[in-house]
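The structure appears below as structure tokens.
The values are calculated or read from the model by the stated rules, or taken from the named source; none is laboratory data. Given the structure is predicted, the values throughout are model-derived calculations rather than measurements. As a convention, Cβ positions derive from the backbone with ideal geometry for all residues, glycine included, and neighbour counts pool all protein chains shown. For the accessible areas, the whole protein counts, side chains as well, though only heavy atoms, and no ligand, DNA or RNA atoms are used. Shrake-Rupley method; radii C 1.70, N 1.55, O 1.52, S 1.80 Å.
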Amino acid sequence: MGRSQSNSLRITIIGTGYVGLVTGACFAEIGHAVICVDCDAAKIDLLQKGGMPIYEPGLEELVRRNVAAGRLAFTTSTREGVEKSDVIFIAVPTPPLPDGSVDLSFMEGVAREIAGAMTSYKIVVDKSTVPVKTGEKVSETIRRYCRSKVEFDVVSNPEFLREGFAVGDFLKPDRIVVGVISQRPVAAMTELYAPLNAPVIVTDINSAELIKHASNSFLALKISYINAISVLCEASGANVQEVANGIGMDPRIGRRFLDASLGFGGSCFPKDLSAFIKIAEQLGYDFALLKEVQRVNARQMERFVKKIVNTLWVLKDKNIGVLGLAFKENTDDVRMSPAIELCQRLQQEGAVLRVHDPKAMDKAKTVLTGVTYVADMNRVAEGCDALVVATEWPQFKKLDLERVRRLLSHPILFDGRNLFDPEEMERLGFIYKSIGR
Ligand code: UDX
């Protein structure tokens with residue numbers, strides 16, 4: 001794929017986390033020379049030795065191929081990265097502060113480091129999710145800390161990568177948003193993404209930053225909307241999947257992100273929602289609509305726990321099997337995972353848990369203790385009073401349900417992801433409880 005290295009741009013990515021590593025490996029894949037920088041020496045060492053710090057489908061092969069081709073390298077030195085590249089991407093964490101606002105200290109630190117290392121014109125691109133007006137601040141910071149009068153441009157280029165599908169999302173984006181203060185970096189930014197043949201929207205920098213928060217908040221709103229509808233479905237005997245299909249066929253609405261669940265989680269939606277509410281507040285607007293999105297999401301978890309308690313009555317010393325620990329399918333990420341929260345809630349009620357996840361067990365072990373980790377998904381149910389599905393891994397659909405029913409001491413299955421057909425489950429002899437059906 002891609003073009004010859006002679007007409008490629010040299011790129012440095014500062015921050016080699018999910019976003020930074022995927023972005024770096026994919027830019028290398030489409031022909032650019034990429035340096036990934038991280039302050040974590042152990043992570044860089046691991047990558048240099050051919051290891052992977054995260055699980056993301058297709059990423060390991062991409063990294064291996066591009067390192068071998070000499071297009072992808074790793075270093076702990078920001079100075080080296082800045083000196084050797086034309087375009088510097090910032091992909092550092094922007095974690096939440098206790099009040100929900102965004103901690104921009106990594107961002108500010110990197111801006112100063114870049115300023116200190118610049119000796120020629122650079123394009124500094126922000127990929128991290130940041131509050132509107134951060135680009136302006138980054139620009140001011142670089143100007144302040146840059147000793148010589150080197151020229152530079154700051155660009156906002158938000159990522160829309162879904163974990164678990166990040167490589168595919170990068171290589172086939174719906175759109176590329178390029179927010180700029182001046183027109184000078186537009187040609188280089190367009191050139192960078194040219195091999196992807198995707199629509200590029202050039203906006204002012206504040207709009208680009210708002211697009212990211214507005215987009216994630218809208219998606220979270222869609223999920224809370226269908227989760228609210230699921231409550232009405234349960235109360236009235238309707239089926240939320242039928243309702244989602246019916247409303248989703250209207251192209252103005254669309255069927256995607258209308259799957260009722262025990263709630264959304266992950267490292268983006270909860271944090272971005274809180275941040276956006278805070279940003280709105282600072283701009284003088286009470287974004288009550290988004291506060292309700294959060295409330296619906298929290299209530300959805302409560303309702304699911306209550307459903308389990310209402311059926312099993314007392315959870316103390318009951319054995320419960322839980323399938324899924326990651327915040328969604330195809331990832332080993334357990335940050336803000338509804339599945340982990342559910343496990344902790346069940347533990348608080350005194351339940352004894354047997355848990356399984358196809359990829360996230362190692363990461364889960366650092367946050368979820370006092371449970372039995374089971375390697376075989378078909379054996380989680382062994383001796384349990386009930387089984388719970390908490391993550392929408394497609395392989396759970398292939399569970400040997402006859403065997404699971406025999407292994408359970410009581411054939412009760414709580415499905416927090418609507419993976420199974422209620423009629424089929426009843427036919428198989430399960431007491432089956434799902435969401436909004
Ligand atoms: C999200 C955005 O999709 C992506 O564009 C952005 O760049 C980062 O945040 P991600 O956090 O990887 O990506 O997860 P996503 O696939 O969007 O799912 C978020 C959560 O919503 C998961 O917990 C998922 O299980 C849940 N979800 C999703 C539902 O409950 N119902 C749905 O219909 C869709």
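Numbers at a glance
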read-out	value
Rg/Rh for segment 172-294, where both radii come from Cα atoms and Rh is the Kirkwood radius	1.07
Candidates Ala214, Ala187, Ala198: whichever shows maximal mean-square fluctuation once the chain is modelled as a Gaussian network with Cα springs under 10 Å	Ala187
Count of Lys pairs (Cα-Cα under 20 Å; at least 8 positions apart or interchain) in segment 239-433	21
Potential extension, Lys137-Glu349 segment - 0.36 nm per residue separation minus Cα distance	71.6 nm
Descending Cα extents along the principal axes, segment 348-437, whole Å	38, 25, 24
Spatial separation of Cα centroids for segment 51-106 and segment 390-437, in angstrom	40
Estimated D of segment 92-206 in µm² per second, where Rh is the Kirkwood radius over Cα pairs and Stokes-Einstein applies at 4 °C, 1.567 mPa s	85
Relative contact order computed over the chain (Cα-Cα under 8 Å; 6+ residues apart), in percent	11
Share of carbon and sulfur in the accessible heavy-atom surface of the chain [1.4 Å probe, %]	54
Dipole of the chain, positive end: most advanced residue of Leu21, Gln48, Pro411 [Cβ charges, Cα centre]	Gln48
5 angstrom amide H check on Asp204, placed H, neighbours 5+ away	Val180
Relative intensity, log₁₀ I(q)/I(0), of the chain from a Debye sum that treats every alpha carbon as a point, q = 0.13 Å⁻¹	-1.16
Cα shape, segment 284-367, gyration tensor, a/c 1.5 rule	oblate
Å² of accessible area per residue within segment 309-437, as computed with a 1.4 Å probe and no ligands counted	44
Antiparallel bridge percentage (DSSP; both residues within segment 239-433; nearest 5)	0
Whether segment 239-433 is rounded, prolate or oblate, judged on the alpha carbon gyration tensor where a/c under 1.5 counts as rounded	prolate
Fraction of beta bridges assigned by DSSP in segment 5-198 that are antiparallel (%, nearest 5)	10
Three-way shape call for segment 50-130 based on the alpha-carbon gyration tensor, with the a/c threshold at 1.5	oblate
Accessible surface, per residue, of segment 163-274 when the full set of protein chains is kept, probe 1.4 Å, Å²	45
Size of electric dipole in segment 4-88: Cβ of Lys, Arg +1 and of Asp, Glu -1, about Cα centre, debye, nearest 20	180
Percent of beta bridges antiparallel (DSSP, the chain, rounded to nearest 5)	5
